[in-house]
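Colleague: Can you read through this structure? Questions will come right after.
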């Protein structure tokens, strides 16, 4: 029987932070899959602890930063449960221990209250920092894992090892996708830490950042998009998600251009960024059109998603338009804090990486998706023909709908080729989003941006990481940097 | 006079009429209700009007009462309590608020004509949204038409949300290729059913459509 845990809340949090650092320093390729599997347990523990404390300051309803992170953690867990990489397997001991520490801290707060413990802002900061460092550790481990797989694949191919013994390109792609998701998570956590006032011991060094309507609307949108797609998504829900994301991307381009015109960001940088944002907008729009083809007269968009989308639209209209037209750069500069709005919008693009992955998982796996037989017949056949041309033999001679289904235009489950077309379009969305995020890292998003990386540069030495991750209470370094 | 009017609520599977204040209605665990009003007045027409007006005023926001079952469709029933000479039965069966997940609960008491009109509005809005998105996509990735198109989508969803699940939306595709004109047609239809005493959601939808008509006209040609 384990000894009774006598640690205080402060000690539990300090231990968690130390463990997170340890995890980062010891991150190895082998630990990456287990860390991904344990991730949701950690985020859930952190979220429970967070909610056991009073509300964090300066956050409007619907923009709880922990809720944003929690839905991402849940989405990753759903993906793993559905059999996507890394699939089922052992959990990571370090990450699990951190989660248990946070759960224990929550129990202490629920049992004894929080009056004698550290200040709430400090606890929020520590919890977020622990998540941030652990998320970074996972991304580092994943990067090393991908590098190792790529190396093995190269060597095995050169040595003509049997194909079954080589790593698959799919596994590498999926692990790279996971790096992007953890990268997004990190940026959101870092944005919270950097946007908050310093802990109580260092008051006044930073002004409290007030949440704007746009920030609140975008945060609420991200959470609702995850929830709607996690529940019982209809094709109409996916159309709405894609359309709103396309609008957010357009707005990001308009506002960033205004900031460049006014001279608040580098014009050359905007010239590089603009095409990536346009490509991303086009990719989301194409995906919306394809999902739109699969809707029927019975399709209904989730009412909560409609509300969240309407608020995003209203916030964008109030922020960036004049009588249904985009406002000019001068008008925008007079109306809003351009630098902050650019950051807000780019963080939303960062968060959309995960939404895109969830949309892809939905297209790939969700059993409840149906569409009218006539459009399925056309789409499935077209996708099947493309696949056959690419060497896929399973689809040859297969018919996807019956005559009766066509005559009645019956709603039938999406067959594999129709899903394949949706997955390909979503992969375009993911690729263009990653490109936009990578280009935008050169924007100064509070000096805490990271690139969606996959390659040898991720293999960093212990000493480098030790220097670069700072404690949240360290006023000299302000926030973790890389 | 309002003070002389008693509002009664009858549960459809209970023989006795129950007389509760409207405020308590929401707390009762019954699934379906029949709402009635009793009024005393000099003439039967005045009594009927008074009772209907009272119920509209007290319930239109909460219950989504419709003018569609106004005086013209009212029928006389007895409360059996001798409180008045006349009682006006002004609505059909409605669902409880706890069943709000079922879309369209508030409109279930509407007659077929109103439901069909809202369905027509939904069809117009859906078509207008399709056209607006096509225009936005044709203009390019930075088109401000996306805002209008997304607004029309929301209005279409709101119209669908007002309809019972079973309502049929199949029908001919509305004629026309200009979103502004389709929106104007939808607004015309809304005017027919949005009269005094209409449910607030219906009035809200009309306001939204009016706003979109303005947006479509001011953004045309951008």
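The values are calculated or read from the model by the stated rules, or taken from the named source; none is laboratory data. Model, not experiment: these values are computed from the prediction. Cβ coordinates were reconstructed from backbone atoms using ideal geometry, including for glycine residues, and neighbour counts include every protein chain displayed.
Colleague: Within region B:139-155, how many residues turn out to be assigned to a helix (DSSP H, G or I) and at the interface with chain A (Cβ under 9 Å from one of its Cβ atoms)?
Modeller: Count: 9.
Colleague: Now, a different point. Scan A:272, A:335, A:313 and give me the residue that is surrounded by fewer than 16 Cβ atoms within 10 Å (Cβ to Cβ), at pLDDT 95 or above and either more than 7 Å from chain B (Cβ to nearest Cβ) or within 27 Å of the chain's Cα centre (by Cα) (or both).
Modeller: The match here is A:272.
Colleague: Here are some conditions: (1) more than 11 Å from chain A (Cβ to nearest Cβ); (2) part of a loop (DSSP other than H, G, I, E, B). Residue B:188 meets all but one. Which one does it not meet?
Modeller: If we test residue B:188 against (1) more than 11 Å from chain A (Cβ to nearest Cβ); (2) part of a loop (DSSP other than H, G, I, E, B), just (2) comes out false.
Colleague: What number of residues within region A:167-187 are surrounded by 22 or more Cβ atoms within 10 Å (Cβ to Cβ) and more than 17 Å from residue A:151 (Cβ to Cβ)?
Modeller: Residues meeting the conditions: 10.
Colleague: Of B:129, B:136, which residue is more than 9 Å from chain A (Cβ to nearest Cβ), in contact (Cβ under 8 Å) with a residue 12 or more places away in the chain and within 18 Å of residue B:219 (Cα to Cα)?
Modeller: B:129
Colleague: Follow-up question, since we're still on this one. So, in region A:243-269, how many residues would count as being without any contact (Cβ under 8 Å) to a residue 40 or more places away in the chain and at the interface with chain B (Cβ under 9 Å from one of its Cβ atoms)?
Modeller: Result for region A:243-269: 2.
Colleague: Return the residues of region A:382-411 that are within 30 Å of residue B:170 (Cα to Cα), within 34 Å of the chain's Cα centre (by Cα) and surrounded by fewer than 18 Cβ atoms within 10 Å (Cβ to Cβ); say none if nothing qualifies.
Modeller: Residues satisfying the conditions are A:382, A:411.
Colleague: Separate question: Quick test of your reading of the structure: residue B:175 fulfils all but one of (1) modelled with pLDDT under 90; (2) over 14 Å from the mean Cα position of the chain (by Cα); (3) buried (at least 17 other Cβ atoms within 10 Å of the Cβ). Name the failing condition by number.
Modeller: Answer for residue B:175: the failing condition is (3).
Colleague: Let me ask another. Could you grab me the full set of residues in region A:294-310 that are within 8 Å of another protein chain (Cβ to nearest Cβ), surrounded by 20 or more Cβ atoms within 10 Å (Cβ to Cβ) and outside any helix (DSSP H, G or I)?
Modeller: Of everything in region A:294-310, just one residue is within 8 Å of another protein chain (Cβ to nearest Cβ), surrounded by 20 or more Cβ atoms within 10 Å (Cβ to Cβ) and outside any helix (DSSP H, G or I), namely A:301.
Colleague: Picking from B:152, B:222, which residue would you name as being buried (at least 21 other Cβ atoms within 10 Å of the Cβ) and either under 24 Å from the mean Cα position of the chain (by Cα) or modelled with pLDDT under 85 (or both)?
Modeller: Result: B:152 is the single residue among B:152, B:222 that is buried (at least 21 other Cβ atoms within 10 Å of the Cβ) and either under 24 Å from the mean Cα position of the chain (by Cα) or modelled with pLDDT under 85 (or both).
Colleague: Next question. Quick check, is residue B:211 in a helix (DSSP H, G or I), within 11 Å of another protein chain (Cβ to nearest Cβ) and either within 17 Å of the chain's Cα centre (by Cα) or under 22 Å from residue A:308 (Cβ atoms) (or both)?
Modeller: It is true that residue B:211 is in a helix (DSSP H, G or I), within 11 Å of another protein chain (Cβ to nearest Cβ) and either within 17 Å of the chain's Cα centre (by Cα) or under 22 Å from residue A:308 (Cβ atoms) (or both).
Colleague: While we're on this one: Can you tell me which residues in region B:178-211 are at pLDDT 90 or above and more than 24 Å from residue A:298 (Cα to Cα)?
Modeller: Result: B:178, B:180, B:181, B:184, B:188, B:207, B:210, B:211.
Colleague: If we keep just the residues of region A:318-332 that are surrounded by fewer than 17 Cβ atoms within 10 Å (Cβ to Cβ) and in a helix (DSSP H, G or I), which is nearest to the other protein chains (Cβ to nearest Cβ)?
Modeller: A:318
Colleague: At the interface with another protein chain (Cβ under 10 Å from one of its Cβ atoms) and over 23 Å from residue A:357 (Cα atoms) - does that describe any residue in region A:275-291?
Modeller: Taking every residue of region A:275-291 in turn, none turns out to be at the interface with another protein chain (Cβ under 10 Å from one of its Cβ atoms) and over 23 Å from residue A:357 (Cα atoms).
Colleague: If I filter region A:367-389 for residues that are in a strand (DSSP E or B), free of Cβ contacts under 8 Å to residues at least 12 places away in the same chain and farther than 25 Å from residue A:183 by Cα, do I get at least one hit?
Modeller: Looking for residues that are in a strand (DSSP E or B), free of Cβ contacts under 8 Å to residues at least 12 places away in the same chain and farther than 25 Å from residue A:183 by Cα, one finds none in region A:367-389, hence no.
Colleague: Condition test on residue B:162, is it out of contact with any strand residue (DSSP E or B) (no Cβ under 6 Å at 6 or more places or on another chain), in contact (Cβ under 8 Å) with a residue 24 or more places away in the chain and either at the interface with chain A (Cβ under 8 Å from one of its Cβ atoms) or surrounded by 17 or more Cβ atoms within 10 Å (Cβ to Cβ) (or both)?
Modeller: So residue B:162 passes the test.
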